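So the structure is just underneath, and the comments pick up after that.
The values are calculated or read from the model by the stated rules, or taken from the named source; none is laboratory data. These numbers were taken from a predicted model, which means no experiment stands behind them. Here the Cβ positions follow ideal geometry from the backbone for every residue, glycine too, while neighbour counts run over all protein chains shown. Ligands, DNA and RNA are stripped out before the accessible areas are found, and what is left, the full protein with its side chains, is counted by its heavy atoms. Shrake-Rupley method; radii C 1.70, N 1.55, O 1.52, S 1.80 Å.
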Amino acid sequence: MGIIEVTNLKKSFGTLDVLKDVTFEVGKGEVVAVIGPSGSGKSTMLRSLVNLEQVNGGSIAVEGEYLVKDGVYANPQGIKRITSKMGMVFQHFHLFPHLTVQENLELAPRLVRGEPAEESRRKRDELLRKVGLTDKKEAYPAKLSGGQKQRVAIARALMMNPAIMLFDEPTSALDPELTGEVLQVIKQLAEEHMTMVVVTHEMGFAKEVADKIVFMDNGEIVESGSPDELFHNAKHERTKSFLHRSL
Ligand code: ADP
Ligand code: MG
């Protein structure tokens, strides 16, 4: 059984059906790359996993526990427990501008979890080392490059000890020369067997790091498979033409 199981997910905004019948699973320790054209529903799907969007039907189970089952949501406590298993990183970083790097990292564990200060500081230092930003801990986000901001955002998400990390186009807002440092951090997490779902336009990265590629188009998963299956032996014309445009 997958650590994430999504079954027949449906989501509309008004009359627009954005997720039509989305089914997929993510195994523990697996890296799944989600690719597809703009507007295909990738962000909506990811946001639904952490309850930033509420779906109109279908099920999402994380570690065997239902966030939503056949369109019916868990109670607020359940929702909190389930969504806190996942850390999310957005295209536009979403750092708190009035807090230093280290304060950005410590805020949620302290406030949401009531974690002892000593524990938060220990983890903070460890994670800043991991993303290569120890020397920036007193800096404010405005003083950082996009790549540094995104590495802070990754470290901040990891502060909550998530079982799963979700990335929504983590390098799309970056200058090309800064994407590498962010992808490197994600790759390192993959090597440590972090379970991850990464929405990305970086086909080279997807090919190299993902165990599974999911291709979405027009609110549907058109096909999914190993990087080799998708990139070299795509079954569907829509997949082939998307890849042809993207590679
Ligand atoms: P992707 O991430 O693949 O680009 P999105 O999930 O952001 O796609 O969007 C899928 C579709 O849903 C798009 O047509 C988008 O305009 C629409 N959409 C997304 N969010 C909203 C919203 N809050 N209200 C109305 N339409 C939305
Ligand atoms: Mg998107």
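Quick rundown of the values:
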item	result
0 to 90° range, to nearest 10: angle between helix 237-246 axis and the chain longest Cα axis	40 degrees
Gyration tensor (alpha-carbon) shape descriptor, the stretch 95-162, a/c threshold 1.5	prolate
Taking all pairs of distinct alpha-carbon atoms in the chain, Kirkwood radius in angstrom	18.6 Å
With Cα atoms, 0 to 90° folded angle of helix 176-191 axis to the chain main axis	90 degrees
Members of 42/212; 10/42; 11/235; 10/80; 69/123; 85/143 lying beyond 24 Å, as alpha-carbon distances in this model show	11/235; 69/123; 85/143
Relative contact order (%) - the stretch 167-247, alpha-carbon pairs under 8 angstrom, separation at least six	22 percent
Pairwise centroid distance, computed over Cα atoms, of the stretch 83-135 with the stretch 214-247, Å	35 Å
DSSP bridge pairs, the stretch 119-247: antiparallel proportion in percent, nearest 5	50 percent
Isotropically averaged projected area of the stretch 52-166, using the convex hull of Cα atoms (one quarter of hull area), nm²	7.8 nm²
Antiparallel bridge percentage (DSSP; both residues within the chain; nearest 5)	55 percent
Placed amide H near residue 195: partners under 5 Å, 5+ positions off or other chain	29, 165
Helix 146-158 axis, angle to the chain major axis (alpha carbon atoms, nearest 10°)	90 degrees
For the stretch 95-162, accessible area per residue (1.4 Å probe, heavy atoms of protein chains only), Å²	50 Å²
Summed residue charge, Cβ within 14 Å of residue 80's Cβ, Lys/Arg positive, Asp/Glu negative	+2
